[in-house]
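Peer 1: The structure follows.
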Amino acid sequence: MSSRDTVLASVRRALGVSGQEAPRRQEVADRIAGHPRGIIPARADLPHAEQIELFKRMVVGAAGSIDHLADPSEVPGAVAAYLRARNLPLSVLRGQDARLADLPWSSEPTLDVWIGPSDGKQLAGLSHAFAGVAESGTAIMVSGPDNPSTLNLLPDHHLILVRARDVVGTYEEAWDRLRAAYGPGTMPRTVNWITGPSRSADIEQTLLLGAHGPRSLHILLVGGV
Amino acid sequence: MSVQITSPRFKDNARHALDDAPLQAALSKVGPGFIGRRTAARDLLPEFDALRDSARDIKNHTLAHLDLYLERFEAKVKEAGGHVHFAVDAAEAREIVTRICRDRGAKTVTKGKSMVSEEIGLNDHLVACGIEPVETDLGEYLIQIRGEAPSHIIAPAIHLNKDQVEADFRRVHTHLPPERNLTEPTALLAEARGELRAKFLAADVGITGANFLVAETGTSIIVTNEGNGDLTQTLPGTHIVLASLEKLVPTLEDVSQLLRVLARSATGQEMSVYTTFSTGPRRPQDLDGPGEYHVVILDNGRSAMLAGQLREMLRCIRCGACMNHCPVYHAVGGHAYGWVYPGPMGAVLTPSLIGIEKGANLPNASTFCGRCEEVCPVRIPLPKLMRHWREKEFERHLTPAPVRYGLGIWSFVARRGWLYRPATDLAMRLLAMAGRAKGRFASLPLAGGWTKVRDFPAPQGGTFQAQWKARKSGRAS
């Protein structure tokens, strides 16, 4: 008997089941197909404009920073301003995402924009979020050539573009959008939820930012309600 | 090869821990920090307790259908191009991981924090096979360079202080200038970041644990604040997930419920910084991510726990709240428990995994104050399960003879009210009279174990039974 069969047989013996019981199988199939929601915190049950305000508050609460821009055309200027304010080289790495490629980068001629995954040598990375979640100020990132996952983790400074219309109240709403985009039961290779910059409290429980991931997380929230 | 077990020497371990001044200094910070942060997070979310019920129900449902969710998970991982391996015990899990590493010609592996890896003693095994494991969680890295085991399931180096860390860094990082300043914790963190960044980029294989496995999508999930586990599963060519079988949850909605209670219970955060969902290897068009994805699902005694009341222990999501709130853990720290899992959850899990013969001391290391159960995010009745093990210990004659005889005498007296009431009444009067001057005893015959480290209060008023009787008759009149 393979170890797989041994483990499954042992689980079934302990549960007193054969694995063939139709009602059990149906219950499991229904749960996966229906993916029922449990308790949903009321804090994000708000009109969209207030969800956006909650998202901004929660990002700051998690030690991130945020700029709210009226229009995508302001993004190159905001990226350059972020780098200048921290005395960083005017250079940023991004993925192939058309929503980033279409930004008017020529408005910032001194800003170098590189395209590709990170090998750890870049100080600043720019990604486009799949969604933002108001209840905790979380940015949801999906992997792929548009926004390689290494950009989320290796640069010292991670800038994330979140469109205001992609801000949802809760995680469950974000899953609905992901299922609509990728199909039910299907996931991109990596989904990163990011809530603030990297940190550690492993030395005497003193909270310090910038453990292995980005030392700073900056959200560029774009557009109105 | 497995982790050394010193649980049978718990009492000696505890005595040493109580006499260890640096350890006591480190432990004095455990309670105030963790308890306050959890309380604050709970108070910010009115639905917190309802979410704990929800989390409990999700886990109960999953465990009752675990065979089917395991099958579904396996099918979905394969569909995404990954591999699932089942391991009956620790030796088999080590073997599977080593084989994958050898087949890839791996020389170094980076590791995210994984208690299952500690449970199966993976690092020693890898070293013996000529493969260098590099722990990347800061706390795990600290204890790895000290050759120690973790003393807490989410804060493995909580027993260390800053000066010890500085001394270890100077001892190990000899290629760095000796005159460098490491007095500030930020300098220590920056040095670890620099050292480990190079390891991340050079590793052939990344090994992580899993906080959850999602049956709906064949996804493994890890939660970190540092980003280390996330880099571990993104940069190397091969990603191996080590998970015990109770990590399964049905759907993404279910895991969202559990994530809402996990960070709040553990560190008091609204959400941990990184929650990474991995499904299979990199896709054809991807520019990064591992080319291979393996999940090793470990049983190691857990399936047997499904049969009885210990099934409730398999709800555990490893937040650490029980030990953060435990007066015994606060006093002796994690190493005294003598194996991988300390605190109340360890006191229940350890006898289940290594046997009651070796683990019998741990369920006794509790005052049954009940705080662990009060804070458990999945409502595990930890005192009840510790009592279950105490009964098993007694049944199997593992209890020391003096305790057994003492309990025998006690039960003889306690079951005879005509004997018990006057005997306790007399004892109370005598103690009250003898302790009248100070109100407490610094030493007392037959109670040296108690009075050695603290005073025994002198009784006041009547016995409990006498007071109870008086109250009842007072209420009736």
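None of the figures in this text is laboratory data; all of them are computed from the coordinates on show. The model shown is predicted, which means the values in this text are computed figures rather than measured ones. Cβ coordinates were reconstructed from backbone atoms using ideal geometry, including for glycine residues, and neighbour counts include every protein chain displayed.
Peer 1: Tell me, what is the percent relative contact order of chain B, built from C-alpha pairs under 8 Å that lie six or more residues apart?
Peer 2: Details: 784 pairs, mean separation 97.2, N = 477.
Relative contact order comes out at 20 percent.
Peer 1: Now, a different point. Tilt of helix B:10-19 relative to the longest C-alpha principal axis of chain B, in degrees (0 to 90, nearest 10)?
Peer 2: Computed tilt is about 90 degrees.
Peer 1: Modelled label-to-label distance, B:A128 and A:Y182, 7 Å Cα→beta-carbon offset: nm?
Peer 2: 3.9
Peer 1: If you place +1 on the Cβ of every Lys and Arg and -1 on the Cβ of every Asp and Glu, how big does the dipole about the Cα centre of the protein assembly as shown come out, in debye to the nearest 20?
Peer 2: Values: 81 positive and 76 negative charges, 694 e Å.
Dipole size: approximately 3340 debye.
Peer 1: So what is the calculated 222 nm ellipticity per residue for chain B, using -39500 (n - 2.57) for each DSSP H run with n of 4 or more, over all residues, to the nearest 500 deg cm²/dmol?
Peer 2: Numbers: 25 runs with 248 residues, N = 477.
Result for chain B, helices only: -15000 deg cm²/dmol.
Peer 1: Now for a different question. Take the alpha-carbon centre of region A:115-136, take the same for region A:197-225, and report the distance between them in whole Å.
Peer 2: 13
Peer 1: Could you state the number of Å between the C-alpha centres of region B:428-457 and region B:342-403?
Peer 2: One Cα centre to the other: 29 Å.
Peer 1: A further question follows. How big, on average over all directions, is the shadow cast by the Cα convex hull of region A:46-222, in nm²? List each step's numbers first, then the result.
Peer 2: On the way: hull surface 42.4 nm².
Averaged projected area of region A:46-222's Cα convex hull equals 10.6 nm².
Peer 1: Does anyone have the angle between helix B:382-395 and the longest principal axis of chain B? Alpha-carbon axes, 0 to 90°, nearest 10?
Peer 2: 70
Peer 1: Provide the descending list of Cα extents for chain B along its principal axes, expressed in whole angstroms.
Peer 2: Per principal axis, max minus min of the Cα coordinates gives 83, 58, 45 Å.
Peer 1: Which ordering of A:R94, B:R440 is given by a fewest-first count of other beta-carbon atoms within 10 Å?
Peer 2: B:R440, A:R94
Peer 1: Do you know the relative contact order of chain A, to the nearest whole percent, from alpha carbon pairs under 8 angstrom that are 6+ apart? Don't skip to the end; give the middle numbers.
Peer 2: On the way: 408 pairs, mean separation 52.1, N = 225.
Once divided by the residue count of chain A, the mean separation gives 23 percent.
Peer 1: If you don't mind, there's one more thing I want to ask. What's the extension gain from A:M1 to A:R163 if we count 0.36 nm per residue and subtract their Cα-Cα distance?
Peer 2: Numbers: separation 162, 0.36 × 162 = 58.32 nm, distance 5.32 nm.
So the extension gain works out to 53.0 nm.
Peer 1: I would also like to ask the following. Taking amide H positions as placed in the peptide plane 1.01 Å from N, state which residues far from A:W114 in sequence (5 or more) or on other chains have amide H under 5 Å from it.
Peer 2: A:V92, A:L93, A:R94
Peer 1: Run the numbers on region B:113-266 and let me know its relative contact order in percent, using alpha-carbon pairs under 8 Å that are six or more apart. Before the final figure, lay out the partial values.
Peer 2: Working: 165 pairs, mean separation 33.2, N = 154.
This gives 22 percent for region B:113-266.
Peer 1: Give, rounded to the nearest 20 debye, the magnitude of the charge dipole that chain B has about its Cα centre when Lys and Arg contribute +1 at Cβ and Asp and Glu contribute -1 at Cβ.
Peer 2: 2700
Peer 1: May I ask for the angle, rounded to the nearest 10°, between helix B:66-79 and the longest principal axis of chain B, with both axes built from Cα atoms and the value confined to 0 to 90°?
Peer 2: 20
Peer 1: Something else: With a/c under 1.5 counting as rounded, go ahead and sort region B:1-134 into rounded, prolate or oblate using the C-alpha gyration tensor (a ≥ b ≥ c being the square roots of the eigenvalues; past the cut-off, prolate if a/b is larger than b/c, else oblate). Provide the component values of the computation, followed by the final result.
Peer 2: On the way: a/c = 2.14, a/b = 1.14, b/c = 1.87.
It comes out oblate by the Cα gyration axes.
Peer 1: Only helical DSSP H runs with n ≥ 4 go in: add -39500 (n - 2.57) per run for chain A, normalise by residue count and round the 222 nm mean residue ellipticity to 500 deg cm²/dmol.
Peer 2: On the way: 7 runs with 71 residues, N = 225.
Theoretical 222 nm ellipticity from helices: -9500 deg cm²/dmol.
Peer 1: Give me A:W114, A:W175 sorted ascending by neighbouring Cβ count inside 10 Å, so fewest comes first.
Peer 2: A:W114, A:W175
Peer 1: Enter the per residue convex hull volume of the protein assembly as shown, computed from alpha-carbon coordinates, in Å³ rounded to the nearest integer.
Peer 2: Values: hull volume 137.7 nm³, N = 702.
So the per-residue hull volume is 196 Å³.
Peer 1: Which of the cysteines in the protein assembly as shown are isolated, no other cysteine C-beta under 4.7 Å?
Peer 2: Singleton cysteines: B:C101, B:C129, B:C316, B:C319, B:C326, B:C369, B:C376.
Peer 1: Taking K and R as +1 and D and E as -1, what net charge do the other residues with C-beta under 9 Å from the C-beta of A:L209 add up to?
Peer 2: Numbers: positive: A:R199, A:R215; negative: none.
Neighbourhood net charge equals +2.
Peer 1: In whole Hz and in residue order, list the ³J(HN,Hα) couplings for region B:153-164 that follow from phi through the Karplus curve 6.51 cos²θ - 1.76 cosθ + 1.60, θ = phi - 60°; x for Gly and Pro.
Peer 2: 7, 10, 10, x, 10, 5, 7, 9, 10, 4, 5, 5
Peer 1: Quick one: check the C-alpha center-to-center distance for region B:7-25 versus region B:206-243, whole angstrom.
Peer 2: 34
Peer 1: Okay, next question. Provide B:L231, A:L111 in ascending order of the number of other Cβ atoms located within 10 Å of each residue's Cβ, fewest first. The partial results should precede the final answer.
Peer 2: Numbers: B:L231 32, A:L111 18.
Placing the least packed residue first, the sequence is A:L111, B:L231.
Peer 1: Which whole-Hz couplings ³J(HN,Hα) result when phi for each residue of region B:165-171 is put into the Karplus expression 6.51 cos²θ - 1.76 cosθ + 1.60, θ = phi - 60°, listed in order with x for Gly and Pro?
Peer 2: 4, 4, 4, 5, 5, 5, 5
Peer 1: Give me the percent of DSSP beta bridges within chain B that run antiparallel, rounded to the nearest 5. If you can, show how the numbers build up before the last one.
Peer 2: Numbers: 10 of 35 bridges.
Approximately 30 percent, going by the DSSP bridge assignments.
Peer 1: Here is a follow-up. Using the eigenvalues of the Cα gyration tensor, what equivalent ellipsoid semi-axes result for region A:135-218 when each is taken as the square root of five times the eigenvalue, whole Å, largest first?
Peer 2: Working: eigenvalues 135, 43, 31 Å².
Equivalent ellipsoid of region A:135-218: 26, 15, 12 Å, largest first.
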